[in-house]
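Novice: Below you'll find the structure I mean.
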Amino acid sequence: MQLDSTISAVITGGASGLGEATARLLAAQGVKVALFDLNAERGEALAAELGGVFCKVNVTSTEEVDAAFAKARAANGQERILVNCAGVGGGAAKTVSRDRQTGEIREYPLENFERIIQVNLIGTFRCIAKSAAGMLSLPVLEDGDRGAIVNTASVAAEDGQIGQAGYSASKAGVVGLTLVVARDLSGDAIRCNTILPGIFDTPLLKGAPEAVRASLATQVPFPKRLGQAEEFAQLAHTMITNGYFNGEDVRLDGAIRMAPR
């Protein structure tokens, strides 16, 4: 897919971090961008800077997602690109644990598990289905593409650490749906791929003590540093523009393999 001002994109989680970097890269190539996010202050400011549109949306709500797509399309036209970066982490909690002092047995809080799945997995699929349905209204481009979807999973999908059952399951689900969605949409010229980031220097980590950040960086075989959001955006760009890139799950992690804890 050739990127220019005739192309529109929706980026969920687009107000910061990986989503922001992707929005900036696409906008720099003339693409009209719509940012879906909960952070209205940051989202409105970034949309104004990029000449795009901001839509406040919780991806767990079908009504809010529908309204956001309607607003984005009214401003920019039907999107050909969807980049799913919206997601949440989760407090570490073992499947079951025993308090060493009292002997009390605690189970993983199911409401936390459900919340993570709702945002990271179901929210991602909700946006995929809504966007793909809209893409079907567009003609196929000269290069053969009608649309391109990029999702965000995590290396935790493959090497989840102790206490990450909910988060790892949600991201493994995104990996699991990628090839199926690519096959489902193959007859309609819409591609779907997923990035599995490792340890990236996102807003979540920017507030961490420097010693913690340095320790995380040393765990990466090479290069021994945190990933940069712009590097995620570069891979997303490749997945969007390379017409033979389809149905793939790609780690972007400096060769790290997460230890159990």
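Read-outs throughout are calculated quantities, based only on the coordinates presented, and are distinct from any laboratory measurement. Bear in mind that the values here come from a model prediction, so they are computed numbers and not experimental data. As a convention, Cβ positions derive from the backbone with ideal geometry for all residues, glycine included, and neighbour counts pool all protein chains shown.
Novice: With helices defined as uninterrupted DSSP H runs, which ones in the chain have an alpha carbon span along their own long axis of at least 27 Å and mean Kyte-Doolittle hydropathy of at least -1.0?
Specialist: The qualifying helices are 165-184.
Novice: At 222 nm, what helix-only mean residue ellipticity would the chain give, in deg cm²/dmol to the nearest 500, using -39500 (n - 2.57) for each DSSP H run of four or more?
Specialist: -12500 deg cm²/dmol, from helical runs alone.
Novice: Quick one: check the C-alpha center-to-center distance for the stretch 1-78 versus the stretch 151-184, whole angstrom.
Specialist: Here the two parts' Cα centres lie 24 Å apart.
Novice: First select every other residue whose beta carbon is under 14 angstrom from the beta carbon of V88; then total the charges, Lys and Arg +1, Asp and Glu -1.
Specialist: Values: positive: R115, K171; negative: D37, E111, E114.
Around V88, the charge tally is -1.
Novice: Sum up the charges of everything whose Cβ sits under 14 Å from the Cβ of R100, counting Lys and Arg as +1 and Asp and Glu as -1, but leave R100 out.
Specialist: Result for the local shell: +1.
Novice: For A259 and E230, calculate 0.36 nm times their separation in residues minus their Cα-Cα distance, and state this gained length in nm to one decimal.
Specialist: 7.9 nm
Novice: Among 212-225, 94-107, 159-172, how do they line up from the highest to the lowest mean number of other beta-carbon atoms within 10 Å?
Specialist: The packing order, highest mean first, is 159-172, 212-225, 94-107.
Novice: What lysines does K130 reach when the alpha-carbon gap must be under 27 Å and sequence neighbours fewer than 8 apart in one chain are set aside?
Specialist: Of all the lysines, those that pass the test against K130 - Cα under 27 Å, at least 8 places apart if same chain - are K32, K56, K71, K171.
Novice: Ok, one more. Along its three principal axes, how long is the stretch 1-125 when you only count alpha carbons? Whole Å, largest extent first please.
Specialist: Computed over the stretch 1-125, the largest-to-smallest principal extents equal 63, 29, 26 Å.
Novice: Using Cα pairs under 8 angstrom and six or more residues apart, how large is the relative contact order of the stretch 8-252, in percent? Spell out each step's value before the answer.
Specialist: Working: 467 pairs, mean separation 48.1, N = 245.
This gives 20 percent for the stretch 8-252.
Novice: Just the number: Rg to Rh for the chain, Cα atoms, Kirkwood Rh, two decimals.
Specialist: 0.99
Novice: Now a separate question. Quick one: putting +1 on the C-beta of Lys and Arg, -1 on the C-beta of Asp and Glu, what dipole do you get for the stretch 8-252 around its Cα centre, in Debye to the nearest 20?
Specialist: Details: 23 positive and 27 negative charges, 53 e Å.
Dipole size: approximately 260 debye.
Novice: Setting aside same-chain residues fewer than 8 positions from K224, which lysines have a Cα under 23 Å from its Cα?
Specialist: K206
Novice: Hey, what D do you get for the stretch 138-261 in µm²/s if you plug the Kirkwood alpha-carbon radius into Stokes-Einstein at 10 °C and 1.306 mPa s? Intermediate values should be presented prior to the final figure.
Specialist: Working: Rh = 15.7 Å.
Translational D for this selection: 101 µm²/s.
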